[in-house]
1. Among the residues of the range 210-232, which ones are modelled with pLDDT of 85 or more and either farther than 15 Å from residue 47 by Cβ or part of a strand (DSSP E or B) (or both)?
2. Within the range 47-60, track down each residue that is surrounded by fewer than 18 Cβ atoms within 10 Å (Cβ to Cβ) and either in the same structural domain as residue 202 (by TED's automatic domain parsing) or in contact (Cβ under 8 Å) with a residue 24 or more places away in the chain (or both).
3. Identify, please: which residue in the range 194-209 is buried (at least 16 other Cβ atoms within 10 Å of the Cβ) and part of a loop (DSSP other than H, G, I, E, B) and is, among those, modelled with the lowest pLDDT?
4. Answer yes or no: is there a residue in the range 134-141 that is modelled with pLDDT under 90, surrounded by fewer than 21 Cβ atoms within 10 Å (Cβ to Cβ) and over 22 Å from the mean Cα position of the chain (by Cα).
5. For residue 191, work out the one condition from (1) surrounded by fewer than 18 Cβ atoms within 10 Å (Cβ to Cβ); (2) within 10 Å of the chain's Cα centre (by Cα) it doesn't fulfil.
6. Would you mention how many residues in the range 136-172 are more than 21 Å from residue 224 (Cβ to Cβ) and in contact with a strand residue (DSSP E or B) (Cβ under 6 Å, 6 or more places away or on another chain)?
7. Within the range 50-73, identify whether any single residue is under 18 Å from residue 10 (Cα atoms) and in contact with a strand residue (DSSP E or B) (Cβ under 8 Å, 6 or more places away or on another chain), and answer yes or no.
8. Residues being farther than 12 Å from residue 188 by Cβ and either in contact (Cβ under 8 Å) with a residue 60 or more places away in the chain or in contact with a helix residue (DSSP H, G or I) (Cβ under 6 Å, 6 or more places away or on another chain) (or both): count how many of those fall in the range 154-173.
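The values are calculated or read from the model by the stated rules, or taken from the named source; none is laboratory data. Small disclaimer: the values here were computed from a predicted structure and weren't measured. In this analysis, Cβ positions are derived from the backbone assuming ideal geometry, glycine residues included, and neighbour counts consider all displayed protein chains.
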C-alpha cells in the first residue's frame, strides 16, 4: 500500500506541474488537461504491465488515440474502432495468456442452477482456501467451511456473488480479488469487520448496510488485489 500511495502521489504532483506549465503557455498548442489525462493513462498502463492486465493496457492506449487522433492523423479510426480493437484485443490476449501459475483455477463443482441458466451456483463443502474464476459469465459461490482463511476470486467480463454467512473465521481471513470489466458482490455477516486494501483503476469498492462494530475481537475480512474497470460491492447481511 505504501508503494501504491507513493506511485499515485508522484502522478498527482506531475499532473499539477503540467497544469501550471500549461497555464504559463509553455506547452504550445497542447491543452494542459489533455497532458494531465495522458499522465494518468500512462500511469494505468505502467501499473497494468507487470500484472499482464491487458484491459488496463489496451484501453488507456485507445483513450490516448482518441485524445490525440488529430495529431496522429487517425480520426477515421476514432472513437469506436479503437475502442472495439481494445475490447477484442483484451479478450483475446486474456484468453491466450491466462495466468495458470498464479492463484487461479476454475471451480466447477456445482450443486445446480437457479432460474437463470447462465448463472453457475456453487454450494459445496470447502476447505480453508477457496479459489473461484469466472470469465464471460456469472457465478454464485457459497463458502461453507469451519476454518475459512483465504479466497482467491478472479472475474473478467462477468460477475460473481460470494456469500460468507456460512463461513467461520477465527480471527482474520483474506480475499484476493483480480477483477476486470466485471461486478463482484460480497455478502458478509454484519458482525465482521472489512479492511479494504484493493488497488482500483477506474473502479472502486462500495458498502451497503454496514453496522456499528464495537468489538475488537470481531473477525476481520481483508480485501486485497486489483480492480480495472470493475467494482466490488460489500453487502452486510
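1. Step one: of the range 210-232, the residues modelled with pLDDT of 85 or more are 218-227, 230-232.
Answer for the range 210-232, where residues must be modelled with pLDDT of 85 or more and either farther than 15 Å from residue 47 by Cβ or part of a strand (DSSP E or B) (or both): 218, 219, 220, 221, 222, 223, 224, 225, 226, 227, 231, 232.
2. Narrowing the range 47-60 to residues surrounded by fewer than 18 Cβ atoms within 10 Å (Cβ to Cβ): 49-52.
Of everything in the range 47-60, those that are surrounded by fewer than 18 Cβ atoms within 10 Å (Cβ to Cβ) and either in the same structural domain as residue 202 (by TED's automatic domain parsing) or in contact (Cβ under 8 Å) with a residue 24 or more places away in the chain (or both) turn out to be 51, 52.
3. If we take residues in the range 194-209 being buried (at least 16 other Cβ atoms within 10 Å of the Cβ) and part of a loop (DSSP other than H, G, I, E, B), then 202 is modelled with the lowest pLDDT.
4. No: zero hits.
5. (2)
6. Final tally of qualifying residues: 8.
7. So the first thing to find is which residues in the range 50-73 are under 18 Å from residue 10 (Cα atoms), and the list is none.
For the range 50-73, residues under 18 Å from residue 10 (Cα atoms) and in contact with a strand residue (DSSP E or B) (Cβ under 8 Å, 6 or more places away or on another chain): absent.
8. 3
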